[in-house]
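Peer 1: Okay, here's the structure, questions in a sec.
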């Protein structure tokens, strides 16, 4: 059973989730990421890829620059 | 040193390929992403039909995106139709990101052999042929390189979860 506060949000005292609820499968793959991708259309999947890669390139460029 | 790669725009690259009526199928990790695999990749891999007419259409596409071969020495080499008619790999840098045009996959399997192992998806309302996840897994198992083996658990799990839907 999950403890909730007055607003209905789970409290910090909630018991830990069971292994079955965790994101990772026994092969180490994050199943929740796959579920999210499968829920998208192929075009949305490509958009997610582009957005992620653009973010990585932005991060790479930011890290490569000296602080002002 | 090769020139810096522009931000990849795989969706636009595939749309422009379709606009040019190139016969091709998507392979590699973009094929995996299209089928729900949560992975990142920086280039688009395609296998094109190696007929003179199709290579001509592919050459027109490549000209439209300012393609040059990615070259370790940094030379700006234009696409070569003779090379595109062969079974080798043609790694291009384009204005829409890096794109590799492969004459064939491992074992010499080209467009004709791979087409029955592909699935058709819609991109902007147009049919897009994509190497099936099953065939992609088999290909990576065959290649057996570390970089291929590393993604197999992700591909297999996505295939299993997708089948359960």
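Peer 1: Contour minus end-to-end for residue B:73 and residue B:122, with contour as 0.36 nm per residue of separation and end-to-end as the Cα-Cα distance? Please list the in-between numbers first.
Peer 2: Details: separation 49, 0.36 × 49 = 17.64 nm, distance 3.84 nm.
In short, 13.8 nm is gained.
Peer 1: Another one. Could you work out, residue by residue across B:29-42, how many beta carbons of other chains sit within 10 Å of that residue's beta carbon, and then give the average as an integer? Could you put the intermediate results ahead of the total?
Peer 2: Numbers: counts 1, 3, 0, 3, 8, 7, 4, 10, 6, 14, 4, 6, 3, 4.
What the average comes to for B:29-42 is 5.
Peer 1: Follow-up question, since we're still on this one. Between residue A:44 and residue A:63, what is 0.36 nm times their sequence separation minus the Cα-Cα distance? Round to one decimal in nm.
Peer 2: Working: separation 19, 0.36 × 19 = 6.84 nm, distance 2.84 nm.
Stretched out fully, the residue A:44 to residue A:63 stretch lengthens by 4.0 nm.
Peer 1: Take peptide A:31-43, look around each residue's Cβ out to 10 angstrom, count Cβ atoms belonging to other protein chains, and average those counts.
Peer 2: 6
Peer 1: Quick one: B:77, B:17, A:46, fewest Cβ neighbours within 10 Å first, how do they rank?
Peer 2: B:77, A:46, B:17
Peer 1: Do you know the relative contact order of chain B, to the nearest whole percent, from alpha carbon pairs under 8 angstrom that are 6+ apart?
Peer 2: Numbers: 274 pairs, mean separation 41.4, N = 165.
Here the relative contact order equals 25 percent.
Peer 1: Okay, moving on. Mind ordering A:24-30, B:43-49 by average Cβ neighbours within 10 Å, highest first?
Peer 2: Descending packing order for the listed peptides: B:43-49, A:24-30.
Peer 1: In the protein assembly as shown, what % of DSSP beta bridges are antiparallel (nearest 5)?
Peer 2: Roughly 80 percent of the DSSP beta bridges within the protein assembly as shown come out antiparallel.
Peer 1: Percent of Cα-Cα pairs more than 20 Å apart in the range B:10-133, please.
Peer 2: Values: 2868 of 7626 pairs.
Counting pairs separated by more than 20 Å, the tail of P(r) holds 38 percent.
Peer 1: Per residue of B:148-161, how many C-beta atoms from partner chains lie within 10 Å of its own C-beta, taken as a mean?
Peer 2: Across the residues of B:148-161, the mean count of other-chain Cβ atoms within 10 Å is 3.
Peer 1: Now, a different point. Report the normalised scattering of the protein assembly as shown as log10 I(q)/I(0) at q = 0.08, 0.10, 0.12 Å⁻¹, calculated by the Debye formula with identical scatterers on the alpha carbons.
Peer 2: Taking Cα atoms of the protein assembly as shown as identical point scatterers yields -0.36, -0.54, -0.73.
Each value in this text was obtained by applying a stated rule to the coordinates, not by laboratory testing. The shown structure was predicted, so the numbers you read here are calculated from the model rather than taken from an experiment. Methodologically, a virtual Cβ is constructed for each residue, glycine included, from the backbone with ideal geometry; neighbour enumeration extends over all protein chains shown.
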